[in-house]
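I have placed the structure first, in the form of structure tokens, so that the comments after it can refer back to it.
The values are calculated or read from the model by the stated rules, or taken from the named source; none is laboratory data. Since the model is a prediction, treat every value here as computed from it, not as a measurement. Cβ coordinates were reconstructed from backbone atoms using ideal geometry, including for glycine residues, and neighbour counts include every protein chain displayed.
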Amino acid sequence: MERTRLAGAGFDVSRISLGTWAFGNDPMWGDQDEKASIDVVSAALDAGIDFIDSAAGYADGRSEEVLGRALQGRRDRAVIATKVYKDLDGAALIAACEASLRRLQTDYVDAYYLHWPNPDIPIGASLEGLRALKEAGKIRSAGVCNFGPRRLADLRAAKDAGVVVLHQLPYSLFWRAIEFDIPPESRAMGLDVIAYSVLAQGLLTGRYASAADVPRSLHASRFYGDGPHGEAGAEVEIFAAIPGLRTLSDAAGIPLADLAIQWALAQPGISVVLTGARTPAEILANARALDRKLDTATLAEATALSRPVKARLGPNPDMWMNAENSRFS
């Protein structure tokens, strides 16, 4: 497993990370057997994937609880990241972190993110809480998720901006909206970018032949025109691109998912990719994604094949909300 140093955080992690949104029966993903989730964590650690990502908002904290049980007796083998969603001012943020630590059954987490920006809470209040947590040894590093240009500018101008060293963003061959203006500013601020949803909620595994095959719960995203966001989707462009991408991966002798993971990691400023898994077989397949490297010409062709999807979805990086209601700013 390839590893990388998160420079601002000061520690090394696997370049492929395990996301645990599906743990704990989150409504987005449906029922998930707890033993299967624990087995996924075991398989990940044995395959060299030690960076494991959760959030207080995943299944109302149950994802953290399952992960905590999965890591009993082997906390030292994992690099844990989790997130705070609503409680973003100083005192509430500290209390939220302590609640996450209890659910995770650990004294500290390695990375602690602000899950979404909240324009009603000054960024300075959140940063004060993050700094206090770091000074208390309850977090090793801090990050933000889903910050657009304006919020990044607010962060840069804040007194305690230096406490933030990570930026988690949605990014894949089928979700390239961040490319318009976010990664360059993140890199300029010295933030390591962690890409999530790199398999586009399963679209880039090739398991779906049409939008009708995709579980209804996943139609909430802007990939699909029948979701609550009120926009036209990109089903036509997505399912037109998949055969060409599959031809590329077949010619290289690798699965489509491997192409998607390698493509994301090859983009400027991307340090780590997050991949979800519901079975040990899925995380083991992801762990092998870097075994047979693609050449630059193949990666460039994949970029070209995904361009119509990028054009259709436009520059709004919010996977769930339309441009008018986008939480990126």
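General observations
- Options GLY253, GLY276, GLY269: the member that is exposed (fewer than 15 other Cβ atoms within 10 Å of the Cβ) and not acidic (Asp, Glu): GLY253
- Failed item in (1) assigned to a helix (DSSP H, G or I); (2) surrounded by 14 or more Cβ atoms within 10 Å (Cβ to Cβ); (3) of a type in the set (A, V, I, L, M), with MET321 passing the rest: (1)
- Look at segment 67-91: where a residue is closer than 14 Å to PRO122 by Cα and a partner is assigned to a helix (DSSP H, G or I) and of a type in the set (Gly, Ala, Ser), sitting 6+ places away or on another chain with Cβ atoms under 6 Å, you get ASP87/ALA96; LEU88/SER126; ASP89/ALA125; GLY90/ALA125; GLY90/GLY129.
- ASP53 vs. criteria buried (at least 22 other Cβ atoms within 10 Å of the Cβ), closer than 22 Å to THR279 by Cα and acidic (Asp, Glu): yes
- Some residue of segment 135-152 being more than 22 Å from ALA7 (Cβ to Cβ) and acidic (Asp, Glu): no
- Candidate set: segment 38-50, residues that are within 18 Å of the chain's Cα centre (by Cα) and without any contact (Cβ under 8 Å) to a residue 40 or more places away in the chain; chosen: the one farthest from ALA281 (Cα to Cα): ASP50
- Selected residue (criterion: farthest from the chain's Cα centre (by Cα)) from residues of segment 97-114 that are surrounded by 20 or more Cβ atoms within 10 Å (Cβ to Cβ) and either within 24 Å of PRO317 (Cα to Cα) or of a type in the set (Gly, Ala, Ser) (or both): SER100
- Looking across segment 293-329 at every residue that is over 21 Å from ILE182 (Cβ atoms) and hydrophobic (A, V, I, L, M, F, W, C), the one that is farthest from the chain's Cα centre (by Cα) is identified as ALA297.
- If you filter segment 51-69 down to residues that are over 15 Å from the mean Cα position of the chain (by Cα) and charged (D, E, K, R), you find that the one that is modelled with the lowest pLDDT is ASP60.
- Within segment 170-225, the residues that satisfy the criterion of being among the acidic types (Asp, Glu) and within 30 Å of ALA9 (Cα to Cα) are GLU179, ASP181, GLU185, ASP192.
- Restricting segment 178-224 to residues that are under 20 Å from ILE238 (Cα atoms) and among the β-branched types (Val, Ile, Thr), the residue that is surrounded by the fewest Cβ atoms within 10 Å (Cβ to Cβ): THR205
- Residues of segment 185-228 satisfying the condition of being of a type in the set (S, T, N, Q) and assigned to a loop (DSSP other than H, G, I, E, B): SER197, SER210, SER221
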